Amino acid sequence: MQTMMVNIASDQARSAQATAGQAALLGKAKGADKDALREAAVDFEAVFISQLLSPMFETVGTDELMGGGQAEGIFRSMMVDSVSKEVARNGGIGLADNIYAELLKFQEA
């Protein structure tokens, strides 16, 4: 289960990096990029939050009658990802704002 969670987190990190990379490559149009940079910052924060929440959900037991199995492991990882994305989109823990500011500084340099 941890391997699957790590793979999902790696995929999310690659997606956030790709979004940031695309924003940097397209970085000549100042107004259009800010949205892409903001999205990359929020995606990165979602990956970070996912890494924080994953161990918490690993400690939750399963219902013997209806729970357990591989499907529940897949569902939990998807749920953690979904919750992480929603937390990041709704203000998160403040990382996205700082990351966005730093990305803007790099773009201007």
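Here, each number is a calculation from the coordinates, and none is a lab measurement. Every value quoted in this text rests on a predicted model; they were computed, and no experiment measured them. Glycine gets a Cβ as well: all are built from the backbone with ideal geometry, and neighbour counts include every protein chain shown.
Quick rundown of the values:
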{"item": "Under 12 Å, Cβ to Cβ, from Arg38 - net charge with Lys/Arg +1 and Asp/Glu -1", "result": "-4"}
{"item": "Label-point separation in nm, Gln51 to Ser82, each point 7 Å along Cα→Cβ", "result": "2.4 nm"}
{"item": "Tail fraction, Cα-Cα pairs, region 29-104, threshold 14 Å, whole percent", "result": "64 percent"}
{"item": "Proxy reagent accessibility, fewest Cβ within 10 Å first, across Leu103, Leu53", "result": "Leu53, Leu103"}
{"item": "Residues Lys85, Lys34 arranged by fewest to most Cβ contacts within 10 Å", "result": "Lys34, Lys85"}
{"item": "Rounded FRET efficiency, nearest 0.05, which uses the C-beta distance separating Asp63 from Asp35 and R0 of 35 Å", "result": "0.25"}
{"item": "Local electrostatic count, Ile93, Cβ distance below 15 Å [Lys/Arg +1, Asp/Glu -1]", "result": "-2"}
